[in-house]
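Down below is the structure, laid out as structure tokens.
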Amino acid sequence: MCALRVVKIVQALFTKFRLPAGGACAASVPERCARFRRSARGERTAGKMAGLGKAAVAAWEPYRRWGWAAVSFGVHRGLGALLARKPERAPRWLPACRQKSSVSFLSRPDLPNLAYKRLKGKSPGIIFIPGYISNMNGTKALAIEEFCKSLGHAYIRFDYSGIGNSDGNLEECTVGKWRKDVLSVIDELAVGPQILVGSSLGGWLMLHAAIARPQKVVALIGIAAAVDSLVTQFNQLPIETKKEIEMKGVWSMPSKYSEEGVYRVQYSVVKEAEHHCLLHSPIPVSCPVRLLHGMKDDIIPWQTSVQVADRIVSTDVDVILRKHSNHRMKEKADLQLLVYTIDDLIDKLSTVVN
């Protein structure tokens with residue numbers, strides 16, 4: 001079991017463009033943001049963003065409050081290297097915009113067809129794995145796509161069975177079936193090594209994919225990774241409530257992200273999910289792992305990411321906490337942290353993957 005050690009707490013990273021005391025390693029982040037804004041591309045982007053308003057998810061401006069805390073579970077480059085990146089290697093992504101490309105479908109014998117969109121490009125490729133009842137058109141999925149376009153890296157986003165444009169009946173879907181969806185995308189659509197980015201439920205599934213396809217999955221990024229969450233939340237219910245759900249066959253799970261205020265989860269789905277729990281033993285994932293989590297998350301507590309990191313056998317694991325972020329982590333600063341994390345892993349892997 002890896003020893004927990006605190007690497008760094010970064011406070012007021014961007015305050016008035018000055019370095020915090022003793023923070024020499026953070027110099028490159030505000031510097032590269034400033035350089036980007038001074039460049040012709042930065043001016044063009046800033047002009048476009050003035051008209052985009054809230055739709056512009058990635059303004060290249062220095063953020064004055066980046067409440068970061070990074071916990072390392074191994075000796076490696078980690079967050080310090082991310083902050084110390086050379087200005088010329090900074091991410092060069094553009095604001096997310098409406099996608100005009102048509103949806104493609106992955107045909108699978110005896111399984112629902114999966115809707116997806118794919119960019120061809122360099123390795124390692126990136127695959128975004130959505131959260132529960134989420135589709136491939138979310139803010140994070142589109143922001144990553146624009147980032148991958150700017151760097152020329154391959155990228156895939158898709159809808160689970162029973163969700164979005166994919167075939168299938170949602171009520172018949174289970175964690176195991178969605179796990180098969182992720183593996184189908186990796187096996188049938190992805191070319192070469194892949195970095196998986198899993199949001200919420202996707203963070204649980206990305207670990208299963210890394211275990212099942214260790215030769216192809218070379219790094220993981222979890223965003224509020226909901227590992228074992230369905231089972232954990234059910235087990236925390238009062239005994240009387242659990243018995244009532246078992247009798248009715250349906251769990252009306254409260255959620256502020258549902259229009260009805262609840263997600264109706266079949267009891268059979270909860271029981272099936274028990275076969276996919278990971279936190280009861282060491283998680284056999286050996287690739288680099290980055291776990292991003294908001295400390296204001298009222299759905300999946302941030303301590304879950306710490307527990308996941310402790311279970312993963314890899315020696316290259318970081319937990320990065322954002323003090324004021326919620327479960328969805330889709331504010332501008334959250335997205336900027338996400339793409340910096342992806343960029344850092346691409347840079348790290350470039351010495352191994354060509």
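The values are calculated or read from the model by the stated rules, or taken from the named source; none is laboratory data. The model shown is predicted, which means the values in this text are computed figures rather than measured ones. Cβ atoms come from the backbone with ideal geometry, glycine included; neighbour counts cover every protein chain shown. The accessibility values were calculated without ligands, DNA or RNA, using every heavy atom of the protein model including side chains. Shrake-Rupley method; radii C 1.70, N 1.55, O 1.52, S 1.80 Å.
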Completion exercise
Rounded to whole Å², per residue accessible area for the range 136-208 with a 1.4 Å probe reads 27
Completion exercise
Simple spin-label estimate for N169/I239, 7 Å along Cα→Cβ, in nm, reads 3.5
Practice task
Rank by packing, highest mean first: peptides 317-330, 294-307, with packing defined as the count of other Cβ atoms within 10 Å averaged across residues.
Solution key: 317-330, 294-307
Problem - Solvent-accessible area per residue, Å², over the range 293-354 with all protein chains present [probe radius 1.4 Å] - result: 40
Handout entry: Separation between Cα centres of the range 240-260 and the range 101-179, rounded to whole Å
Key = 28
Fill in the blank from the handout: Computed about the Cα centre, the charge dipole of the range 275-320 from +1 Lys/Arg and -1 Asp/Glu charges at the Cβ has a magnitude in debye, to the nearest 20, of 60
Completion exercise
Expressed as a percent, the accessible surface of the range 189-303 that is carbon or sulfur, using a 1.4 Å probe and the full set of protein chains, is 55
Handout entry: Spin-label model distance (nm) - S268 vs T315, 7 Å beyond Cα toward Cβ
Key = 4.7
Practice task
With a/c under 1.5 counting as rounded, go ahead and sort the range 127-170 into rounded, prolate or oblate using the C-alpha gyration tensor (a ≥ b ≥ c being the square roots of the eigenvalues; past the cut-off, prolate if a/b is larger than b/c, else oblate).
Solution key: prolate
Practice task
With a Förster radius of 35 Å, plug the Cβ-Cβ distance of M295 and S107 into 1/(1 + (r/R0)^6) and report the FRET value to the nearest 0.05.
Solution key: 0.25
Fill in the blank from the handout: Rounded to one decimal in Å, the inverse mean reciprocal Cα-Cα distance for the range 131-247, i.e. its Kirkwood radius, is 15.5
